[in-house]
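The values are calculated or read from the model by the stated rules, or taken from the named source; none is laboratory data. Worth saying up front: this structure is predicted, and the values here are computed from it rather than measured. Because the Cβ atoms are built from the backbone with ideal geometry, glycine has one as well, and the counts that use them run over all protein chains shown. Surface areas here come from the heavy atoms of the whole protein model, side chains and all, with no ligands, DNA or RNA. Shrake-Rupley method; radii C 1.70, N 1.55, O 1.52, S 1.80 Å.
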Amino acid sequence: MAKVNVLDENYEKLQQEIQSLSEKWRGEIADLRIGDAIGNGSPILPQADISIDFSQYQLFIEELLQLLGQNNEEMIHAAQKIKSLVTIDVLQTWFKETIVVNHFYFKNYADENNLPDWLPIFLAEQAARPFLQEATVLLESQLKGMNHELGCPSCGEPARFALLNKKGKKELTCPRCLHAWEEKKISCAHCGSEDELVILKVEGDESAEIHACHKCKGYTKVIDSRKMFKRESPTLLDVKSIHLDYIAQEKGFGVSEDSGKGTH
């Protein structure tokens, strides 16, 4: 399979700018607390009582809108509308619903307010990620050894991305909350199968491969960090490796039915 560049240059540039914003936001988070989880088991964050500064969350959304509105008249109009709609009550609901990836809620919100379908959930998710990443750091000791068969034990994102570390071990890495855990190199990250796992190579790209499972039809993108020229965030690598998703899906693989829907 030959490598195909499916990312538009402007889109890739936008994603890099969003990543830079996200890293800046994370450094600005000053007041985040996690209460007791409602239930037991994983994922933890959808069950936890997370306390954040919603004025910061609002600021992150407004800065993202400003970025999206550059040279885009339609987006400037949408940004003005959203700023008038987003009260503290709405922000609290957005944060709660984005943690559990409630596509139904955000689709209804967009329809009711005559907004592009993708915009509310995109804003809510991107602005929430720095908080989820900081919360995951606070939960690190609790996350060790937790069950990850249904995806990321912290936020619930499907296990669709992995890095081979310096020692050559496979680390399932969540592009959303950045939690990482080691997995057997030759095993399905979704169902654990070893016998029915196949490795799909990509012609012209020695750093990337796809671990696809004939048993559950799930797949995981695997990037060899030892063969990369520069270190990049898992979030950005996930976006840049979207060609691997197309290849896997063209061959009949998808995120396993055993995993959550995710934000991809």
Scanning segment 48-69 for residues that are in contact with an Asp or Glu (Cβ under 9 Å, 6 or more places away or on another chain) and not hydroxyl-bearing (Ser, Thr, Tyr), the one farthest from Leu150 (Cα to Cα) turns out to be Leu67
Considering residues of segment 233-264 that are modelled with pLDDT of 85 or more and open to solvent by 40 Å² or more (accessible area, probe 1.4 Å) only, the residue farthest from Gly192 (Cα to Cα) | Lys240
Evaluation of Asn147 against (1) in a loop (DSSP other than H, G, I, E, B); (2) surrounded by fewer than 16 Cβ atoms within 10 Å (Cβ to Cβ); (3) without any contact (Cβ under 8 Å) to a residue 60 or more places away in the chain (one fails), failing number | (3)
Scan of segment 171-198 for residues that are part of a strand (DSSP E or B) and either modelled with pLDDT under 90 or open to solvent by 70 Å² or more (accessible area, probe 1.4 Å) (or both), ordered by number | Glu182, Glu183
Check on Val101, among the hydrophobic types (A, V, I, L, M, F, W, C), closer than 29 Å to Leu143 by Cα and buried (at least 17 other Cβ atoms within 10 Å of the Cβ) | yes
Test: residue in segment 206-219 that is more than 19 Å from Gly168 (Cβ to Cβ), of a type in the set (S, T, N, Q) and open to solvent by 20 Å² or more (accessible area, probe 1.4 Å) = no
Could you tell me whether Leu115 is assigned to a loop (DSSP other than H, G, I, E, B), open to solvent by less than 50 Å² (accessible area, probe 1.4 Å) and touching a helix residue (DSSP H, G or I) at 6+ places or on another chain (Cβ under 8 Å)?
-> yes
